[in-house]
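Visitor: Quick one: this structure, given as C-alpha cells, is what I'll be asking you about.
The values are calculated or read from the model by the stated rules, or taken from the named source; none is laboratory data. As the structure is a prediction and not an experimental result, all values here were calculated from the model. With ideal geometry, Cβ positions are generated from the backbone for all residues, glycine too; neighbour counts draw on all protein chains shown.
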C-alpha cells in the first residue's frame, strides 16, 4: 500500500498546526529531528513533537538525524511518535534500540545514508518495522534526488521479500512528481515529500497527485 508522508521540514515552522491541517489525507507527518552534530543543521525536538501530537490526528513519523539515538529515540516514542527512525550509522546497539522503541508502542525504523549499504544489516531486518533509504545526503531539504540510490532500494526490497517480512520501505529526499515513480518501481512504498508538497499551491492536492503517481507505478511493476 502506497503511503505519502509530507515532510514538515519544508513547512512554515511558525504555523505547524495549520500546516498539518493543510495536508489532511496524508498517511503520516514526517518530522526531521536534527541536532547540528550528526548533520549540519538544527531543527525541532521533543517539545515540538509533544505539541504537534496534540494538534493533529495524523500520526507522527519522527526521523532522528542525531548523535546518540540509543539515548534519545525512546523519548520520541514516549512523546507520541507513531514511528521512530534512527540512523544505523549513529546507533551503538541498533537491535536493543529497535526493541525498546517497539516496547514503547511505536514502530521501529532504521535509516541508511546514501553511501551506506543495506547488506551488512540484513540480520537486523526482523527487528524492524521499516527501512528508510535516504535518497539525498541528510541535513537539508530541497536537494535533488540521487539516482545512484535506486539500486539500493531494489536490493532492499529483494531482502525484505526473501525473508518474507512485512516491512515498509521508505524513501526520503528529492521525492517529487518527477521522481516518485522511479522509487515506486524500485520497490519503495512509503514516500517522504517536502517541497513537492509544501511548495505547492494546494498541499493536499499535491499529496493526492503523488499518491496517484506512485500507485500507478506500483501497479505497473506488479503487473510485470
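Visitor: Considering only residues that are outside any helix (DSSP H, G or I) and touching a residue at least 40 places away in the same chain (Cβ under 8 Å), look in segment 187-200 and name the one that is surrounded by the fewest Cβ atoms within 10 Å (Cβ to Cβ).
Guide: 199
Visitor: Can you say whether residue 22 is closer than 21 Å to residue 134 by Cα, surrounded by 15 or more Cβ atoms within 10 Å (Cβ to Cβ) and touching a helix residue (DSSP H, G or I) at 6+ places or on another chain (Cβ under 7 Å), as far as the supplied structure shows?
Guide: Answer is no for this residue.
Visitor: Test residue 61 against the stated conditions and say whether it is touching a helix residue (DSSP H, G or I) at 6+ places or on another chain (Cβ under 9 Å) and either in contact (Cβ under 8 Å) with a residue 40 or more places away in the chain or not in a loop (DSSP other than H, G, I, E, B) (or both).
Guide: no
Visitor: Still on this structure: Looking at segment 123-171, which of the residues that are in contact with a helix residue (DSSP H, G or I) (Cβ under 6 Å, 6 or more places away or on another chain) and modelled with pLDDT under 95 is surrounded by the fewest Cβ atoms within 10 Å (Cβ to Cβ)?
Guide: Checked segment 123-171; the qualifying residue surrounded by the fewest Cβ atoms within 10 Å (Cβ to Cβ) is 142.
Visitor: Take residue 184 and tell me if it is within 24 Å of residue 34 (Cα to Cα) and surrounded by 21 or more Cβ atoms within 10 Å (Cβ to Cβ).
Guide: Criteria not met by residue 184.
Visitor: Report every pair of residues separated by at least 6 positions or lying on different chains whose Cβ atoms are under 8 Å apart, first residue within segment 201-215 and part of a helix (DSSP H, G or I), second crowded, with 16+ Cβ neighbours inside 10 Å and modelled with pLDDT under 95.
Guide: none
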